[in-house]
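Quick notes on the structure that follows.
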Amino acid sequence: PRPGLPQELTTVRVQDPRVQNEGSWNSYVDYKIFLHTNSRAFTAKTSCVRRRYREFVWLRRQLQRNAGLVPVPELPGKSAFFVGSTDEFIERRRQGLQHFLER
């Protein structure tokens, strides 16, 4: 932080998981990604989009490609066979995606 300038802050939240195409073979969960910042590098100070897990996988690959020696955080696991309720799995994944974006 520079003296006399406000500290730049960026907050990102992964919330509101929704099952899309429920009951079909191509159902999936997407998450609302909410970003708020006071950074001058961003034109929009808030934004909100919905993204699914595979788009996080794409993002991680892009980060790895450009990260050099900086380690890229892991994503929560992708499991077709989860022991427990679907709601528990979705919430654990939401928390993992939140952690990924914070890192």
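The values are calculated or read from the model by the stated rules, or taken from the named source; none is laboratory data. This one's a predicted model, so the numbers in the text were calculated from it and none came from an experiment. Heads up, the Cβs are rebuilt from the backbone with ideal geometry, glycines too, and the neighbour counts pull from every protein chain shown. Accessible surface areas use protein heavy atoms only, side chains included; no ligands, DNA or RNA. Shrake-Rupley method; radii C 1.70, N 1.55, O 1.52, S 1.80 Å.
Overview of values
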{"item": "Filter result for VAL12 (under 19 Å from ARG93 (Cα atoms) and free of Cβ contacts under 8 Å to residues at least 24 places away in the same chain)", "result": "no"}
{"item": "In the stretch 72-91, residue nearest to ASP30 (Cα to Cα) [restricted to those that are surrounded by fewer than 14 Cβ atoms within 10 Å (Cβ to Cβ) and at pLDDT 90 or above]", "result": "GLU91"}
{"item": "Looking only at the stretch 18-39, and only at residues there that are out of contact with any Asp or Glu (no Cβ under 9 Å at 6 or more places or on another chain) and under 14 Å from ILE90 (Cβ atoms), the one that is least open to solvent (accessible area, probe 1.4 Å)", "result": "VAL29"}
{"item": "The one condition in (1) closer than 15 Å to ARG93 by Cα; (2) assigned to a loop (DSSP other than H, G, I, E, B); (3) among the β-branched types (Val, Ile, Thr) that THR43 fails to fulfil", "result": "(1)"}
{"item": "Residue count, the stretch 40-52 (criterion: surrounded by fewer than 11 Cβ atoms within 10 Å (Cβ to Cβ) and of a type outside the set (Lys, Arg))", "result": "4"}
{"item": "ARG61 being among the charged types (D, E, K, R) and open to solvent by 60 Å² or more (accessible area, probe 1.4 Å)", "result": "yes"}
{"item": "Qualifying residue in the stretch 33-50 (condition: hydroxyl-bearing (Ser, Thr, Tyr) and within 16 Å of LEU97 (Cβ to Cβ))", "result": "no"}
{"item": "Long-range neighbours under 6 Å by Cβ, at least six apart or interchain, first residue on the phi > 0 side of the Ramachandran plot within the stretch 15-42, second surrounded by 10 or more Cβ atoms within 10 Å (Cβ to Cβ) and outside any loop (DSSP other than H, G, I, E, B)", "result": "ASP16/LYS32"}
